[in-house]
Amino acid sequence: MLKIKDLHARVEDKEILKGINLEVKPGEVHAIMGPNGSGKSTLASVIAGKEDFEITKGTILFEGEELDEVAPEERAHKGIFLSFQYPVEIPGVSVTNFMKTAINESRKAHGKEDMPASKMLKLIREKSELLDIDRKFLSRSLNEGFSGGEKKRNEIFQMAMLEPKLAILDETDSGLDIDALRIVANGVNKLKSKDNAVILITHYQRLLEYIIPDFVHVIHDGKIVKSGTKELALELEEKGYDWLKKEPVV
Amino acid sequence: MAYTEEELKKELETKEYEYGFYTDIESDTFPKGLNEEVVIALSKKKEEPEWMTLWRLEAFKIWKEMTEPEWANIHYQKPDFQDISYYSAPNKKPKYESLDEVDPELLDTFKRLGISLDEQKKLAGVAVDIVMDSVSVATTFKKTLAEKGIIFCSISEAIKEHPELVKKYIGSVVPKKDNFYAALNSAVFSDGSFCYIPKGVRCPMELSTYFRINQAGTGQFERTLVIADKGSYVSYLEGCTAPSRDENQLHAAVVELIALDDAEIKYSTVQNWFPGNKEGKGGVYNFVTKRGLCERNAKISWTQVETGSAITWKYPSCILKGDNSIGEFYSIAVTNNFQQADTGTKMVHLGKNTKSTIISKGISAGKSQNSYRGLVQVNSRADNARNFSQCDSLLMGNECGAHTFPYIEAKNKSAQIEHEATTSKIGEDQIFYCNQRGIDTEKAIALIVNGFSKEVLNKLPMEFAVEAQKLLEISLEGSVG
């Protein structure tokens, strides 16, 4: 599904990604861990197509197609979803209206008619129940005045609505209390299938107790310095990141 | 990839004014210039009674003594008032019974504007009085209105048919000497609309007028007078578009609203005059005086969506004369390219327990300048007056400006005045967030702008709100940097 080869990327003059290699297959869950400033969020933004970053070397293939020249909205239409670490506020635009626009824009890109209102309502009801979201919440302005937990839950709700092939969750666990974390993780688990894949970007092992990854990768200084299974996450929890920083690159 | 500053600039350049075309209808036009003879000739041409001619002459005398105001935050080449023709009317003057009799070219113009008369007629309960240049060429739904005793006609017709009403109220809210442009308008107003709602009558439909400037070099001086008698209600819609022009066109209208005891007037405007081209050349100068007077328990609401004109200078205001009267002002002003807008409102609290609300949303893009200027004045006798003002500005790109000039004069200690203001910028983060959800940049801007303007859009009548939303999108296409 996703194949990243020797990816180098920089923002302005600063090189942040220095040769990332990663392959994600349908049905897999990958966790990407690493200390602050190691390039985790940059990797997520580059996959989603954020303009601030310039790819200097290497490629990203999504379902066999190079993404370099593909606009962010087109990547979304292809089924790439990014749950933002810091979701933005859009005053006056309700969650429902935003989702309606997003879904219909995607349908339009695929040559389909707008989703009928009744179907849209049914979908909203279904997905909000899945994530234990109060319907009143959906008429509020997008992220405006939302608590940290509400923002993250809203991201997962959008993911549920858009049913992406590849979901990248950028620090979705940060700022969540244990109950919210459980709800979010539960939602992600329910949405998992053999056809879609998830990349979890996280600092801590905590989230991985709820969403069990197939693979764990550690990023340091713009490179994946170690890959393993979920046991690696436990090891990191115990030892921290320092021992990896000293190890030679694998 | 999404967008770059360069691409956006290019896109903006290729965007031509949607309604920029010129209708070739033979007209009867005065030679350029302004003096007493022109005023008299104009009045004669319109077959006005003597009192009207004298009223105009008095206004002209006042105007001659006045100088153009310079306090607004706008910069422009002052119009040469001797280089304007003060009368232009479509030649085929008689009123038509049906659409078939209307000049086909005119109908075509409306079709291109997307406001075919057919459609308009069918639209539930909308009576349309179309002002093409200066003379009304079609009036519909008159009969239904007449049954209720409602008068809805051109001001010229009202001067002839209902002189007692016109004589009593014209200039009563906006006096001849009020300001430079009001004085000019009083002397040379060509036509406009007149509306009278009798006591206790609720006007059963939205009254609507489409204004359009059409003749090369003719300034338009519209005069609108709306009178809501005791306990009556009316909702009046005004919408405008104009063809593309190289030279500047002056528009100095006067709108007077009178809401007698317990009456309510809702006045909504969607304004889309030619804003000038991408270099800031051409475009309409819109210097308008709009003011309403509220008697006891009366209410006046101004709602406006302003996207056009090179220069807008406009402050729809309310004189809250009667006790318990209410004034409201809801406004969205959009400026792009080199447009300049200095707009806002005046709420003058004279009566006791008077209330006013001001919600102003300014959106600036390109190299435009957008100013809000508002006055809240509480007179010494106005006990328990209350005002709430909210002014929000949205900036797009780094070359535009937003300014807020709120003036507050409170002479009564019981007054409660609140003012809130915010300034925000459409951020790349917001755009990217939308992009990531599959929404392209154009659509994202429309979404954000509509969200920003929602409180005001909600105040517009349904069919107008849709049109306004479309206008916002057109006006701001490709303008984020």
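Please treat every number below as a calculation from the coordinates, not as lab data. Given the structure is predicted, the values throughout are model-derived calculations rather than measurements. Backbone-built Cβ (ideal geometry, glycine too); neighbour counts: all protein chains shown.
Worth pointing out:
- Computed across the range A:169-250, the Kirkwood radius stands at 13.7 Å (inverse of mean 1/r, all Cα pairs).
- Residues A:Leu82, A:Leu123, arranged from fewest to most other Cβ atoms within 10 angstrom of their Cβ, appear as A:Leu123, A:Leu82.
- Between the range A:142-163 and the range A:98-119, the Cα center-to-center distance that results, in Å: 19 Å
- A Förster radius of 56 Å, combined with the Cβ-Cβ distance separating B:Glu161 from B:His403, puts the computed FRET efficiency at roughly 0.80.
- Two-site FRET efficiency, B:Glu68 against B:Lys168, from Cβ-Cβ distance with R₀ of 25 Å, rounded to 0.05: 0.25
- In whole angstrom, the range A:152-216 maps to an equivalent ellipsoid with semi-axes of 17, 14, 10, each derived as √(5λ) from the alpha carbon gyration tensor and ordered largest first.
- Filter on A:Lys50/A:Lys165; A:Lys57/A:Lys230; A:Lys112/B:Lys470 - keep pairs with C-alpha separation over 25 Å: A:Lys57/A:Lys230
- Panel order for A:Lys3, A:Lys152, by other beta carbons found within 10 Å of each beta carbon, from fewest to most: A:Lys3, A:Lys152.
- q = 0.16, 0.21, 0.22 Å⁻¹, the range A:82-184: log10 I(q)/I(0) [Debye, one scatterer per Cα]: -0.69, -1.19, -1.29
- Inter-probe distance in nm under a simple model that places probes 7 Å from Cα toward Cβ, at A:Leu121 and B:Arg296: 4.8 nm
- From the Kirkwood radius over Cα pairs of the range B:363-449, Stokes-Einstein at 25 °C and 0.890 mPa s returns a whole-number translational diffusion coefficient of 159 µm²/s.
- Projected-area mean, the range A:2-246, by convex hull of Cα positions, square nanometres: 13.3 nm²
- For the range B:72-86 and the range B:260-274, distance of Cα centres in Å: 26 Å
- Over chain A, DSSP H runs of length four or greater, each weighted -39,500 (n - 2.57), average out per residue to a 222 nm ellipticity of -11000 deg cm²/dmol.
- Taking other C-beta atoms within 10 angstrom as a stand-in for reagent exposure, A:Leu234, B:Leu457 fall in the order A:Leu234, B:Leu457, fewest first.
- Virtual spin-label span in nm between A:Glu66 and B:Thr144, 7 Å along Cα→Cβ: 6.3 nm
- For the range A:1-88, the calculated P(r) over all alpha carbon pairs, in 5 Å bins from 0 to the bin holding the longest distance, is 3, 13, 25, 28, 21, 9, 1, 0 percent.
- Take the Cα of A:Glu237, step 7 Å toward its Cβ, do the same at B:Glu420, and the gap between the two points is 4.5 nm.
- What the Cβ-Cβ distance of A:Glu209 and A:Tyr86 gives, at R0 = 41 Å and to the nearest 0.05, is a FRET efficiency of 0.95.
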